[in-house]
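Novice: Quick one: the structure is below, questions incoming.
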Amino acid sequence: MNEITDKADQMISDLKKTKEFFLQNYKKTNSPVSIFTHLDSDGLSSGAILGKALYNENIPFQMTILKQLEIIEIKKIVEKVEEFHNFLIFSDFGSGQYLELSKSLNNNGSSTPYIILDHHLPQEVTDKNDERLKEIYKDTAPWHINPYFYNIDGSTEVSGAGICYYFAQVLNKENEKLAPIALIGAIGDIQNKGVNNSFIGLNSLILEKAKDLDYIEITNDLNFSAIKPLNEAIAYSSNLNLPGLSGNPNKALKFLLKLGIIMENSDGKIKTLNDLSKEEKKKLTSAIIEYATLKLDIEPSEIYKNLIINRYILKNEIVGSELHDLSEFSNLLNSCGRTNSGSLGVAIAMGDRRLAYQKAKNNLIEYKKSIMKSLNWIFENNIIQEKEYIQYFFGGDVIHENIIGTITSMLVFDESGKINKKKPLFGYAKREEKKVYKISGRAHESIVDKGINLSEVIREALKLSDLEALGGGHPPAAGTKVPIDKLENFLDNCNLVVKKQLERKK
Ligand code: C5P
Ligand code: C5P
Ligand code: ZN
């Protein structure tokens, strides 16, 4: 047995106790189980897995999709549960609020039973090596499952949907066939960060299962943006530096034309990687390997490693539809969640290919438009500002709070060279309650490796600014909310904590 399966087995053995706790307590309630889940792709995938699993057991349930499990949301949940006495399940959030939940739900001696299936750093835990994890593990069993208890990294090795998948499997072995949904969640949380965009840790075990069941096939593809004009995708790739082509889309276009690839689509637009045939892709791959071998003094195998990525194909979906490619499926769910149509996303992940899917496809067009509009606005107006150790921007009237996180992620992964990857980026947007901003922090993996941990930055900066809001997440991605008049102070404190983190690692 290897290390990953050992850890999985340990978690599964605990999940069996979680299952007993769930079954015993839910039976006492006489009400449907109430699932609360996060609105992003991972949260909706988590909800879909739980929904399928409970449906298969004939356990009635209802589901609520939330932007975040904030104190105010917890209050509302408490009020409702006092009336209806449901058993509660929190998925893809809950760990970051576990103290808050236990305080609120164990009131007055009449405790409400609930479980947390999450992968975020638990409340008050700084990082994966924090000693407090052991205590929390002991104190919160059997109702709290979190990968960090098992020395599994919740930011890279398993997502919320993955944790729900293991729980579902423990409920009933049949549920192992939900493996693709778990991977849709993981890819949504950008957890395919191994070599050639592979999955690591528990995600790799889930992938093996999905392959064994013949649901997923891995194909090789070129590691360029699939949707930008190909010459730009090559010129602005951050994965491969090709002297003469990098930074120069005109030269890249000439290079492509020389290969004999017709670069215009019937509508006159330059082709994207997605538009190329298999043959054309093969031709391009060999040409780039040859070019790079000549221009750079590195082995073809090294080049191949950077040039080729895995694409995950869902074999049972219609070829050419959004649902055929794991990453695009996940993007569709994200678009549902972030346009206040999370339930469509859950329905699609649970198998709906009719009404929900049709509606979601229309949504997707609007969603993509608002993303493009936001990105263009940022670049055209030089919106991003810098402090010594961080950079930040305000979404103004253009970027809605629901997509500020997505936009901030996209900026950090931007390949055009316009974004500084050396400093964490904080985006903030107006919220419906007017006096606060929603904040989304993102850090490129290269600085996470240097010791940047945004979950800690957000939590420390909240404390230093005397703010009570909950916040946190993962080292590369974390969020919170901040009163408008405290924002400057909060950002200064983020700057300070980042500085400390960089010095600590030296
Ligand atoms: O709450 P949850 O864990 O599901 O969300 C993680 C968020 O962090 C996602 O929105 C994902 O896109 C983002 N992320 C990121 N960069 C990473 C890892 C995650 O922007 N390296
Ligand atoms: O909201 P946003 O996409 O910026 O969140 C980034 C990450 O931080 C997500 O994993 C989210 O679940 C987490 N987060 C959190 N607590 C908050 C806000 C965000 O754990 N209050
Ligand atoms: Zn997640």
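Novice: Within region 302-332, how many residues turn out to be part of a helix (DSSP H, G or I), in contact (Cβ under 8 Å) with a residue 60 or more places away in the chain and not β-branched (V, I, T)?
Specialist: Number of matching residues: 8.
Novice: With A53, A48 as the choices, which residue is surrounded by fewer than 24 Cβ atoms within 10 Å (Cβ to Cβ), more than 16 Å from P142 (Cβ to Cβ) and not assigned by TED's automatic domain parsing to the domain that holds E328?
Specialist: The unique qualifying residue is A53.
Novice: Can you report the number of residues in region 402-436 which are within 16 Å of ligand 1 (Cβ to nearest atom), among the hydrophobic types (A, V, I, L, M, F, W, C) and either closer than 18 Å to I458 by Cα or in the same structural domain as A226 (by TED's automatic domain parsing) (or both)?
Specialist: Count: 5.
Novice: Just for region 20-44: of the residues that are charged (D, E, K, R) and closer than 21 Å to M350 by Cβ, which one is surrounded by the fewest Cβ atoms within 10 Å (Cβ to Cβ)?
Specialist: The extreme case among them is D40.
Novice: If you check every pair at least six apart or on different chains, which have Cβ atoms under 9 Å apart with a residue in region 267-284 that is crowded, with 16+ Cβ neighbours inside 10 Å first and a residue that is in a helix (DSSP H, G or I) and polar (S, T, N, Q) second?
Specialist: Cβ pairs passing all conditions: I270/N231.
Novice: State yes or no: is F36 within 20 Å of N146 (Cβ to Cβ), away from ligand 3 (no atom under 16 Å from the Cβ), assigned by TED's automatic domain parsing to the domain that holds E83 and aromatic (F, W, Y)?
Specialist: Taking the combined requirement at face value, the residue does not satisfy it.
Novice: Something else: Applying the selection to region 439-469, what residues are within 13 Å of ligand 2 (Cβ to nearest atom), at pLDDT 95 or above and hydrophobic (A, V, I, L, M, F, W, C)?
Specialist: I439, A443, L454, V457, I458, A461, L462, L467
Novice: A further question on this structure: Taking only region 160-196 into account, find how many residues are among the basic types (K, R), touching a residue at least 24 places away in the same chain (Cβ under 8 Å) and within 11 Å of A53 (Cα to Cα).
Specialist: Selection size over region 160-196: 1.
Novice: Right, something else. Output yes when any residue across region 248-257 is within 20 Å of K305 (Cα to Cα) and surrounded by fewer than 18 Cβ atoms within 10 Å (Cβ to Cβ), and no when none is.
Specialist: Among the residues of region 248-257, not one is within 20 Å of K305 (Cα to Cα) and surrounded by fewer than 18 Cβ atoms within 10 Å (Cβ to Cβ), which makes the answer no.
Novice: Take the residues of region 285-301 that are β-branched (V, I, T) and without any contact (Cβ under 8 Å) to a residue 12 or more places away in the chain: which is surrounded by the fewest Cβ atoms within 10 Å (Cβ to Cβ)?
Specialist: The selected residue is I298.
Novice: Considering each residue of region 111-132, count those that are free of Cβ contacts under 8 Å to residues at least 24 places away in the same chain and away from ligand 2 (no atom under 16 Å from the Cβ), and give that number.
Specialist: 4
Novice: If A429 satisfies all but one of (1) touching an Asp or Glu at 6+ places or on another chain (Cβ under 7 Å); (2) part of a helix (DSSP H, G or I), what's the number of the condition it fails?
Specialist: In the conditions (1) touching an Asp or Glu at 6+ places or on another chain (Cβ under 7 Å); (2) part of a helix (DSSP H, G or I), A429 misses (2) alone.
Novice: Output the strands (runs of 3 or more DSSP E) that fall wholly within region 1-106 and possess 2 or more residues being more than 19 Å from Q169 (Cβ to Cβ) and within 16 Å of ligand 1 (Cβ to nearest atom), or say none.
Specialist: Qualifying strands (runs of 3 or more DSSP E): 33-38, 61-66.
Novice: List, please: which pairs have Cβ atoms under 7 Å, are six or more places apart or on different chains, and start with a residue in region 436-463 that is on the phi > 0 side of the Ramachandran plot and end with one that is more than 15 Å from ligand 1 (Cβ to nearest atom) and of a type outside the set (S, T, Y)?
Specialist: G451/Q501; G451/L502; G451/R504; G451/K505
Quick grid of which residues meet (1) charged (D, E, K, R); (2) in contact with a helix residue (DSSP H, G or I) (Cβ under 7 Å, 6 or more places away or on another chain):
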{"site": "K430", "(1), (2)": "yes, no"}
{"site": "V436", "(1), (2)": "no, yes"}
{"site": "A443", "(1), (2)": "no, yes"}
{"site": "V448", "(1), (2)": "no, no"}
{"site": "G451", "(1), (2)": "no, yes"}
{"site": "V457", "(1), (2)": "no, yes"}
{"site": "K463", "(1), (2)": "yes, no"}
{"site": "V482", "(1), (2)": "no, yes"}
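Novice: Any chance region 68-79 includes a residue that's in contact (Cβ under 8 Å) with a residue 60 or more places away in the chain and away from ligand 2 (no atom under 16 Å from the Cβ)?
Specialist: No: zero hits.
Novice: Does region 432-459 hold any residues that are under 19 Å from N489 (Cβ atoms) and in contact with a strand residue (DSSP E or B) (Cβ under 7 Å, 6 or more places away or on another chain), and which are they?
Specialist: Matches in region 432-459: K435, V436, Y437, K438, I439, S440, G441, L454, V457, I458, R459.
Novice: Give region 424-438 a look and list any residue that's at pLDDT 95 or above and more than 19 Å from L375 (Cβ to Cβ), or say none.
Specialist: Selection gives V436, Y437.
Novice: Taking G43, is it touching a helix residue (DSSP H, G or I) at 6+ places or on another chain (Cβ under 8 Å), within 26 Å of I403 (Cα to Cα) and within 16 Å of ligand 2 (Cβ to nearest atom)?
Specialist: When the stated conditions are applied, G43 passes them.
Novice: Test K128 against the stated conditions and say whether it is basic (K, R) and either exposed (fewer than 14 other Cβ atoms within 10 Å of the Cβ) or not in a loop (DSSP other than H, G, I, E, B) (or both).
Specialist: The answer is no for K128.
Novice: Kindly indicate which of I116, I59, I65 is of a type in the set (V, I, T), surrounded by 14 or more Cβ atoms within 10 Å (Cβ to Cβ) and closer than 30 Å to G451 by Cα.
Specialist: Exactly one of I116, I59, I65 is of a type in the set (V, I, T), surrounded by 14 or more Cβ atoms within 10 Å (Cβ to Cβ) and closer than 30 Å to G451 by Cα, namely I116.
Novice: State whether the residues of region 447-470 include one that is within 12 Å of ligand 1 (Cβ to nearest atom), surrounded by fewer than 22 Cβ atoms within 10 Å (Cβ to Cβ) and in a loop (DSSP other than H, G, I, E, B).
Specialist: yes
Novice: Now for a separate question. So which of S111, S155 ends up being of a type in the set (S, T, N, Q), away from ligand 3 (no atom under 16 Å from the Cβ), in a loop (DSSP other than H, G, I, E, B) and assigned by TED's automatic domain parsing to the domain that holds G96?
Specialist: Sole residue among the options that is of a type in the set (S, T, N, Q), away from ligand 3 (no atom under 16 Å from the Cβ), in a loop (DSSP other than H, G, I, E, B) and assigned by TED's automatic domain parsing to the domain that holds G96: S111.
Novice: Residues that are hydroxyl-bearing (S, T, Y): find the helices (runs of 4 or more DSSP H) completely inside region 169-275 holding 1 or more of those.
Specialist: Counting at least 1 such residues, we get 202-212.
Novice: From the list K278, K258, which one is of a type outside the set (V, I, T) and over 35 Å from the mean Cα position of the chain (by Cα)?
Specialist: Selected residue: K258, the only one of K278, K258 that is of a type outside the set (V, I, T) and over 35 Å from the mean Cα position of the chain (by Cα).
The values are calculated or read from the model by the stated rules, or taken from the named source; none is laboratory data. None of the values given here were measured: they were computed from a predicted structure. Note that each Cβ is placed from the backbone with ideal geometry, even for glycine, and that neighbours are counted across all protein chains shown.
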